[in-house]
Amino acid sequence: MKARVHVMLKDGVLDPQGQAVAHALGTLGFQGVGEVRQGKVIDLELAETDRTRAEAQVREMCEKLLANTVIERFDIEIG
Amino acid sequence: MKAAVLVFPGSNCDRDLAVAFRNAGAEVTMVWHKDNALPAGVDVVGIPGGFSFGDYLRCGAIAARSPITRAVIEHTHRGGYALGICNGFQVLTETGILPGALMRNAGLKFICKPVDLTVETADSAFTACYAKGQRISIPIAHHDGNYVADADLVARLRDEDRIAFSYAENPNGSTAGIAGILSENRRVLGLMPHPERAAEPAHGGTDGAALFRSLIGALALA
């Protein structure tokens, strides 16, 4: 079973990299780009075949390692 | 006084930190990240600067889950002392031993230069040889030194006198200009500046030496 984790800075946490990307897009002439926020995508292959158990497992991985929940939030897609 | 200095793949200030501890009078053992236990009788653990595990995932994230780091967490729970410098501070926040987080510098640049710090408290084993309010110059060298804390945490750190050092001029966007903080029991210090790089005259400055002198002095009395 495959899982995909999206890790993003929490709303309200300043994202200087996103700001730099927004600035560079403006330099390239792209108009009308508002706030840009940058995150990570992590793909996992799991031996688990049960969706619910897989999601619980990935949630625990996020809380223990994949995200720093002080500043980041995460979303999990299964399958 | 026994000190242990952790070594992760990518640590690069481990030997400098060992020299600073030794010059202050400590007996130092280097400890590899795969070890499960600290040497017997260790008083203070030094977590050095560098780029442990290539800063993969997040700075300090992988080191914070290393076998030796579990032993460090237990050591601090027993009331043991720990000093995390730069990447070591990042490791300490990643373990949750110290609150908050360190993220990319607000200006996005890697900054490597001496900066002026204000000693915010002399009430700790790490800062006893300084005076509260003293200005000192210590080098920084980091890309991810922007200390993030919410308003509640900053208020708590202030109320509990746990801000050890602040930047005279904020170089990296850190909340409240915080450069280093203490744990609740004041026995763990994490800071982004490198006192071990300002510990003898050949370094161009010696303002960091008092930190090691403070620590060794406090532990000799304990």
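The values are calculated or read from the model by the stated rules, or taken from the named source; none is laboratory data. Computed from a predicted structure; not experimentally measured. Cβ placement follows ideal geometry from the backbone for every residue including glycine, while neighbour counts extend to all protein chains displayed. For accessibility, only protein heavy atoms count, side chains too; no ligands or nucleic acids. Shrake-Rupley method; radii C 1.70, N 1.55, O 1.52, S 1.80 Å.
Annotations
- Residue match in the range A:59-73 (condition: assigned to a loop (DSSP other than H, G, I, E, B) and either touching a Ser or Thr at 6+ places or on another chain (Cβ under 9 Å) or over 26 Å from B:ARG70 (Cβ atoms) (or both)): yes
- Strands (runs of 3 or more DSSP E) enclosed by the range B:132-222 - at least 1 residues per element that are open to solvent by less than 20 Å² (accessible area, probe 1.4 Å) and free of Cβ contacts under 8 Å to residues at least 12 places away in the same chain: none
- Of note, A:GLU45 satisfies the criterion of being acidic (Asp, Glu) and either exposed (fewer than 14 other Cβ atoms within 10 Å of the Cβ) or free of Cβ contacts under 8 Å to residues at least 24 places away in the same chain (or both).
Here's the yes/no breakdown for (1) at pLDDT 95 or above; (2) closer than 22 Å to B:THR93 by Cα; (3) within 16 Å of the chain's Cα centre (by Cα):
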site	(1), (2), (3)
A:VAL5	yes, no, yes
A:VAL13	no, yes, yes
A:HIS23	no, no, no
A:VAL36	yes, no, yes
A:VAL41	yes, no, yes
A:THR52	yes, no, no
A:ALA67	yes, yes, yes
A:GLU72	yes, yes, yes
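- Check on B:GLY133, more than 18 Å from the chain's Cα centre (by Cα) and closer than 28 Å to A:ASP15 by Cβ: no
- When the range B:92-107 is filtered for residues that are over 17 Å from the mean Cα position of the chain (by Cα) and either buried (at least 16 other Cβ atoms within 10 Å of the Cβ) or not in a loop (DSSP other than H, G, I, E, B) (or both), the ones remaining, listed by number, are B:ARG104, B:ASN105, B:ALA106.
- The sole residue among B:ALA40, B:ALA24, B:ALA63 that is surrounded by 19 or more Cβ atoms within 10 Å (Cβ to Cβ) and more than 22 Å from B:ARG213 (Cα to Cα) is B:ALA63.
- The number of residues in the range B:188-215 that are under 15 Å from the mean Cα position of the chain (by Cα) and β-branched (Val, Ile, Thr) comes to 1.
- Pick from the range A:1-34, criterion among the β-branched types (Val, Ile, Thr) and within 14 Å of chain B (Cβ to nearest Cβ), ranking: farthest from B:ASN105 (Cα to Cα): A:VAL5
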